[in-house]
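Data block below; observations after.
Computed from the coordinates by the stated procedures, all read-outs in this text should not be read as laboratory data. Here the structure is a predicted model, which means the values were calculated and not measured. Here the Cβ positions follow ideal geometry from the backbone for every residue, glycine too, while neighbour counts run over all protein chains shown.
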């Protein structure tokens with residue numbers, strides 16, 4: 001089974017939906033690239049040097065990940081290669097562990113060995129790991145960044161913090177293998193894992209994002225995890241598949257060098273007790289049920305767009321009130337405002353209706369409506385096209401007046417066209433059907 005096939009089954013997306021998602025994904029990448037060009041032009045002016053920071057943020061978190069994703073989608077084959085993928089499509093950590101057994105047996109073995117379940121990536125957990133890293137405070141359940149295998153994020157991750165320092169930790173991600181899927185060579189496995197060691201915090205070589213830097217010797221992490229499990233659970237047996245993948249010197253998605261001998265240990269946990277519920281009831285379960293961060297962020301942007309429209313319309317809505325009443329309440333100075341409101345009545349009503357539509361779209365997007373997500377991105381695409389035309393007609397004057405609105409719409413499409421938002425919407429639609 002290919003990773004693409006697995007993703008289609010999980011998301012419930014058909015070919016048409018995939019084409020639409022890919023179109024918005026590509027369009028937002030191009031729009032974000034043009035946005036960074038505007039920022040760079042603005043930052044080169046002496047009084048706007050602080051824009052260089054904004055330019056770096058836009059380049060690292062908006063443009064380069066989308067460019068990487070588009071290029072890797074074209075040039076990297078879409079089948080199992082023994083490597084995970086980052087959300088930008090780059091090769092991530094190597095798959096260096098395999099397990100036989102249920103989720104309960106796997107999680108129980110890890111917890112007995114002193115490993116801690118990582119929190120899901122949310123706004124709250126992201127803020128906590130940032131503050132813990134800066135203040136050198138322990139966070140044993142710190143989230144780990146998502147990596148993709150079988151076209152989906154890890155089912156859960158476990159970690160061991162070093163010396164109360166969230167910058168350094170042993171950690172491992174796990175993916176459930178698709179039903180009936182086997183490793184190359186016909187080898188059965190229920191779970192695959194990717195273990196590595198976070199040695200410090202730095203910038204990614206490929207995207208310039210702030211991230212953990214990974215230690216080079218990933219085999220040491222692989223062996224450490226297996227030893228910790230066997231020490232606490234002697235019933236576990238391990239068979240090592242020699243030269244499962246060619247030993248290589250390469251880099252992960254952050255640009256860190258990694259070295260491995262290519263061996264793959266397969267740990268058999270089937271003799272262990274079912275120590276924990278098969279379905280996670282804690283943070284991992286919450287991650288599966290709650291809307292992902294990009295959906296929440298996109299929903300907020302849609303609501304703010306409606307609020308902005310209502311704010312523009314509000315001063316002109318006074319035409320709906322009797323002019324004499326307005327004058328009595330506000331004085332003769334309000335006469336001009338009332339007359340102006342009458343003149344702009346059609347625009348005011350249209351903006352008010354638009355604000356109402358935006359509120360409805362926000363609620364539907366949060367509930368997982370794919371149609372609402374596509375509609376919101378379509379509206380932003382139209383707005384971006386109009387703003388590009390305005391800037392092209394008069395770049396010097398139009399830049400400052402359009403920059404904020406342009407950035408707003410770019411962020412909205414980037415959020416709602418992300419993998420997390422796409423999978424969430426398609427999965428919810430599939431469940432409803």
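Highest mean packing first, where packing is the average number of other Cβ atoms within 10 Å per residue, the peptides 416-425, 371-380 line up as 416-425, 371-380. Per-peptide packing, taken as the mean over residues of other Cβ atoms within 10 Å, places 225-236, 67-78, 24-35 in the sequence 24-35, 225-236, 67-78 from highest down. Apply 1/(1 + (r/R0)^6) to the Cβ-Cβ distance of residue 203 and residue 270, taking R0 = 30 Å, and write down the FRET efficiency to the nearest 0.05. Calculated transfer efficiency: 0.10. Computed extension gain for residue 385 through residue 314, at 0.36 nm per residue and net of the alpha carbon distance, reaches 22.9 nm. Can you work out the FRET efficiency for the pair residue 136 and residue 350, with r the C-beta to C-beta distance and R0 = 56 Å, to the nearest 0.05? Between residue 136 and residue 350 the formula returns 0.55.
Using the beta-carbon distance between residue 127 and residue 187 and R0 = 30 Å, what value does 1/(1 + (r/R0)^6) give for FRET efficiency, to the nearest 0.05? Computed FRET efficiency for residue 127 and residue 187: 0.10. Over what distance in Å are the Cα centres of the stretch 165-186 and the stretch 218-276 separated? For the stretch 165-186 versus the stretch 218-276, the Cα centre distance is 9 Å. In this label model, residue 227 and residue 37 are separated by 5.5 nm, measuring between points 7 Å along each Cα→Cβ vector.
Computed extension length for residue 210-residue 257: 15.2 nm, one decimal, from 0.36 nm per residue of separation with the Cα-Cα distance subtracted. Counting 0.36 nm for each residue step from residue 162 to residue 22 and taking away their Cα separation leaves a gain of 46.3 nm.
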